[in-house]
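Undergrad: Take a look at this one; I'll ask things after.
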Amino acid sequence: MIYSNRTDWLEASDKRVLLFGMSGLGKTWAANLLRDEGWFHYSVDYRIGTRYMGENIADNFKREAMKNPFLAELLLSDSVYIASNITFDNLAPLSTYLGKPGDPAKGGLPFDDYMRRQEQHRRAEMAALLDTIPFIERARAIYGIEQFLCDSGGSICEVVDPDDPQDPILSALSAHHLMVWIEGSEAHTEALVERFARAPKPMYYQPEFLIRKWEEYRDLKGQSEAEVDPDAFVRWTYAQALAHRQPRYKAMARNWGISIRAEDLYLVRDAKGFTSLIAEALPA
């Protein structure tokens, strides 16, 4: 770890942290709080949706617009401009592009198309994670900001091997950041599952896991690919995905960083409180 103990962390003039864990446990909330107090906020998901998948997202919008004769004519004459309005707090354009597999009448994608988009996301996420490192210097050189927080996506654990001491992404990230897992409780998991059931969203999964769950679900329901209800499938998969990710997050914290509890993070009200919370998790 770049801060081996509490004193190193507290005395460092350039505090650099990467937060990881399940989506919905406070990574972006903490990043927004720290940004208001002068920290640089680097969002991996925002970088994916702009730098690496922005054209794919916009092209998807255009494909839909071309189905409307009125909009098609305007597009073909360059009379309208269609783009994603993705922000740190609104990643819906990225989620919408990833999509869900299943019945096209219910908004589903053919499974092959779905897997192709998943692979695009995998490559984009790996690149966006490594981009964190040059952004540390950009924050310093352009804005004069030394305090840096990387707000990683919930799927970081899907694109690394936390038990491999030579993992290239984790090796690079841990050399420049303190890796901090926001650990949720069973109550948090239940709340996330309930929230997801109300409004299911597309997610990125490891291909082996996803293919296995797709086959299990179709066998369970006795359905063809085109008969699968997209929302029903992602709801069924979500809770199992959280269980799949939990030990991977835990291994990341054990081998590459530290952990803090989500309920403790929720009590933080400013950068000083955040610094103290991290200090308590480090060795004396």
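The values are calculated or read from the model by the stated rules, or taken from the named source; none is laboratory data. The structure presented is a predicted model; accordingly, all values stated were derived computationally and were not measured. Glycine gets a Cβ as well: all are built from the backbone with ideal geometry, and neighbour counts include every protein chain shown. Surface accessibility is based on the protein's heavy atoms, side chains included, excluding ligands, DNA and RNA. Shrake-Rupley method; radii C 1.70, N 1.55, O 1.52, S 1.80 Å.
Undergrad: Residue by residue through region 97-112, note down the ones that are out of contact with any strand residue (DSSP E or B) (no Cβ under 8 Å at 6 or more places or on another chain) and either open to solvent by 50 Å² or more (accessible area, probe 1.4 Å) or not charged (D, E, K, R) (or both).
TA: Correct list: Tyr97, Leu98, Pro104, Ala105, Lys106, Gly107, Asp112.
Undergrad: Of the residues that make up region 193-205, is at least one over 19 Å from Val234 (Cα atoms), surrounded by 17 or more Cβ atoms within 10 Å (Cβ to Cβ), out of contact with any Lys or Arg (no Cβ under 7 Å at 6 or more places or on another chain) and not aliphatic (A, V, I, L, M)?
TA: no
Undergrad: Which pairs have Cβ atoms under 6 Å, sit 6 or more apart or on different chains, and link a residue in region 250-264 that is open to solvent by 80 Å² or more (accessible area, probe 1.4 Å) to one that is not hydroxyl-bearing (Ser, Thr, Tyr)?
TA: Matching pairs, first to second residue: Arg261/Glu183.
Undergrad: Collect the residues in region 69-96 that are over 23 Å from Arg117 (Cβ atoms) and either in contact with a strand residue (DSSP E or B) (Cβ under 9 Å, 6 or more places away or on another chain) or not in a helix (DSSP H, G or I) (or both), keeping them in residue-number order.
TA: Residues satisfying the conditions are Ser77, Asp78, Ser79, Val80, Tyr81.
Undergrad: Still on this structure, please answer the following. If I ask for residues that are open to solvent by 30 Å² or more (accessible area, probe 1.4 Å) and in a helix (DSSP H, G or I), which ones from region 265-284 would you list?
TA: Passing the criteria: Lys272, Ser276, Glu280, Ala281.
Undergrad: So, Ile48, is that one among the β-branched types (Val, Ile, Thr), within 30 Å of Glu225 (Cβ to Cβ) and surrounded by 21 or more Cβ atoms within 10 Å (Cβ to Cβ) or not?
TA: Considered against the rule, which asks whether it is among the β-branched types (Val, Ile, Thr), within 30 Å of Glu225 (Cβ to Cβ) and surrounded by 21 or more Cβ atoms within 10 Å (Cβ to Cβ), Ile48 comes out as yes.
Undergrad: Something else: From the list Glu11, Glu64, pick out the single residue that is modelled with pLDDT of 95 or more, open to solvent by 60 Å² or more (accessible area, probe 1.4 Å) and not hydroxyl-bearing (Ser, Thr, Tyr).
TA: Glu11
Undergrad: While we're here: Just checking, how many residues over region 220-251 are within 30 Å of Pro168 (Cα to Cα) and out of contact with any Cys (no Cβ under 6 Å at 6 or more places or on another chain)?
TA: Residues that pass the stated criteria total 12.
Undergrad: Go through region 125-243 and tell me which helices (runs of 4 or more DSSP H), entirely inside it, have 3 or more residues that are modelled with pLDDT under 90, farther than 23 Å from Tyr46 by Cα and over 19 Å from the mean Cα position of the chain (by Cα).
TA: Because the criterion is at least 3 residues that are modelled with pLDDT under 90, farther than 23 Å from Tyr46 by Cα and over 19 Å from the mean Cα position of the chain (by Cα), the helices (runs of 4 or more DSSP H) in region 125-243 that meet it are 186-198.
Undergrad: Looking only at region 15-33, decide whether some residue is part of a helix (DSSP H, G or I) and farther than 29 Å from Glu186 by Cα.
TA: Checking region 15-33: not a single residue is part of a helix (DSSP H, G or I) and farther than 29 Å from Glu186 by Cα.
Undergrad: List every residue pair whose Cβ atoms lie under 8 Å apart, where the two residues are 6 or more positions apart in sequence or sit on different chains, the first residue falls within region 67-96 and is among the aromatic types (Phe, Trp, Tyr), and the second residue, located anywhere, is at pLDDT 90 or above and open to solvent by 50 Å² or more (accessible area, probe 1.4 Å).
TA: Close Cβ pairs satisfying both conditions: Phe88/Tyr46.
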